[in-house]
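Take a look at the structure below.
Taken together, the values in this text are just the output of simple stated rules run on the coordinates, not laboratory data. Small disclaimer: the values here were computed from a predicted structure and weren't measured. With ideal geometry, Cβ positions are generated from the backbone for all residues, glycine too; neighbour counts draw on all protein chains shown.
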Amino acid sequence: MSETIATRAAYGETMAALAKDYPDVVVLDADLSGSTMSKKFADVCPERFFNIGIAEANMAGIAAGLATCGKHPFLHSFAMFATGRAWEQVRNSIAYPRLNVKVIGSHGGLSVGEDGATHQCLEDYAIMRAIPGMLVVSPCDGPSMRLATKALLNYEGPAYMRLGRLAVESVTDEIPGYRFELGRGFQLREGGDVTVIATGMMVQEAVKASDTLKAQGVSVRVIDMATIKPLDEEIVLKAARETGAIVTSEEATVLGGLGSAVCECVAASCPVPVVRHGVQDQFGRSGAAKQVLAAYGLTADGIINSVHKVLAMKR
Amino acid sequence: MTHPELALTAAKARLLGLDMVYRAASGHPGGSFSAMDLLTALYQNVMRIDPKNPQDPGRDRFVLSKGHCTPALYPTLALRGYFPLKDLQQFRSIHGQMSGHAEMHNIKGVDMSTGSLGQGISAAVGMALAGKMDGRSYRVYTMLGDGEIEEGQVWEAAMSAAKFKLDNLCAIVDINGLQIDGRTADVMPSEPLDQKWAAFGWHVILCDGHDYDAIEDAYTQAQSACGKPSVILAHTVKGKGVSYMEHSAGWHGKAPNAQQYHQGREELTGQIAQLARQAGRDPQAELAPVLAVLCDDKEGN
């Protein structure tokens, strides 16, 4: 049995472990350091940690100013506030001047659970993706999050990364030859009938769905799309050509995020039917995380339904 | 520079700014002209900068938080030697890189891209914080409008600058009393500003933003503040220097027509000649390089 860990925990421990190797890195939080796990960095490097208080807009601007002076700021809040509350600051003060700031949004998606709709950010992929030059990263499990964190420490430029609240099973560590590269998807399951392209914690559900469908005689390719922007068009188009049908799956609105990115790509170069699995233009709601996910169909079963839909559309 | 020389330089900057806005048929003359004396004194006499080495890590920094006032900032930078006066002709043009709001990568001497109000001061806080972390002695200046400080982010930034004891940070509020929709006191009353900034933990300095003795005193006082950031609350006249623009909210973001342009140009040319004589300089020699880059009648709108 592989490791079960929240991606935010894997992120926090990696930042702390690598703090000394990256002396320019500065960590900012807006009064959520225990939840975003930026506190792990603060514990080992208090002189490079700044709590800005509940003021995400100011935090984004301070990060921008620090970056103009050669610092490498990582700013933290819940995904809702890091990308939503401070969207225009991220756009105008960070991305437009191409400053080397990492925006880290924890507690993305419905799996926030009990806190409900105001804290369940479903739009972060869409609104960060809309900003020119912004990298959008969404690793699915602890091992890939550790690699993604290191990759972002080495990446020069503005980027957004979503962290998850829930502990999740690892799926990438059992894949021989798995490697993480910004801007690259990675195939976790081979298959010829249909491809599921998933991101974040829907990757685990996609793997389960693939294994279930295999027993039913449907061969499902699974791609972990840990970077939503820039999209790995090569792996998407290969899947379109070789399997002829695609399901995208994300713990986010289906408007503007991974599903949209994949549709844009295949529509331009290799049109095949695509079904976008995710939240269908709705707000979230309170409930235990697993129950909320189930209520919105963000499960392996939901992916299986989407696979049947897309197979019916496949000529 | 002596104070008459500063006044002369600011008058030249206003004429260049007027020409930029006329040529581009758009831009923000009102708040640029209210800020011009404060900016000229800052760039000519206060900041430790080298136009030949604009990226020097040890330099003083300036963030134009009221980022639309590029008809003040760009001529100030040009007159300080960052780039030729002729470059100002590209202001807001598709053919050049002189963007409407301040932009840091293409325009030498601009330390931060700004334009969306309330954001520049936060960046200035970040720069000052970096200076403290690195033990550097540089100072960070940022200029805000009195309309701009209606943005909540300004007060988030004010709180954080006090928390981090950023005595290397100096904010200047250009209080011209007017914003796009009218009097600041009517659109959104913000007084008493001195008490508000003091309550946020800042060292407050009041001055007349067109009196060079007062401006010099204010910058000196700001440099000696210890353990807390300083704010200069500078009372100014919107549109200062061009008679029909003064005290008028209508000139916040409007370009003059040809007749207005020539009237303003005549007024400012007269001021330059007079100020040159006061500064003991030859009026024609002072005017010539400026007039050389202004539009002729076939250009502009």
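Of all residues in region A:43-83, exactly one satisfies the criterion of being part of a helix (DSSP H, G or I), more than 8 Å from every other protein chain (Cβ to nearest Cβ) and in contact with a Ser or Thr (Cβ under 6 Å, 6 or more places away or on another chain), namely A:GLU56.
Scanning region B:50-67 for residues that are in a loop (DSSP other than H, G, I, E, B) and either free of Cβ contacts under 8 Å to residues at least 40 places away in the same chain or crowded, with 24+ Cβ neighbours inside 10 Å (or both), we see that the one that is farthest from the other protein chains (Cβ to nearest Cβ) is B:LYS52. If you go through region B:132-156 and pick out every residue that is within 7 Å of chain A (Cβ to nearest Cβ) and not polar (S, T, N, Q), you end up with 1. Pick from region A:21-42 the residues that are in contact with a Gly (Cβ under 8 Å, 6 or more places away or on another chain) and of a type in the set (Asp, Glu): which of them is nearest to the other protein chains (Cβ to nearest Cβ)? Per the criteria, the residue is A:ASP24.
Of all residues in region B:108-127, count the ones that are surrounded by fewer than 23 Cβ atoms within 10 Å (Cβ to Cβ) and more than 9 Å from chain A (Cβ to nearest Cβ). Residues in region B:108-127 being surrounded by fewer than 23 Cβ atoms within 10 Å (Cβ to Cβ) and more than 9 Å from chain A (Cβ to nearest Cβ): 3 in total. Of all residues assigned to region A:33-45, at least one qualifies as being over 23 Å from B:ASP134 (Cα atoms) and free of Cβ contacts under 8 Å to residues at least 24 places away in the same chain.
Okay, residues lined up against (1) touching a residue at least 12 places away in the same chain (Cβ under 8 Å); (2) touching a strand residue (DSSP E or B) at 6+ places or on another chain (Cβ under 6 Å); (3) within 14 Å of chain A (Cβ to nearest Cβ):
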residue: B:ALA158; (1), (2), (3): yes, no, yes
residue: B:ALA162; (1), (2), (3): yes, no, yes
residue: B:LEU169; (1), (2), (3): yes, yes, yes
residue: B:ILE175; (1), (2), (3): yes, yes, no
residue: B:ARG183; (1), (2), (3): yes, no, no
residue: B:MET188; (1), (2), (3): yes, no, no
residue: B:ILE205; (1), (2), (3): yes, yes, no
residue: B:SER230; (1), (2), (3): yes, yes, no
residue: B:HIS235; (1), (2), (3): yes, yes, no
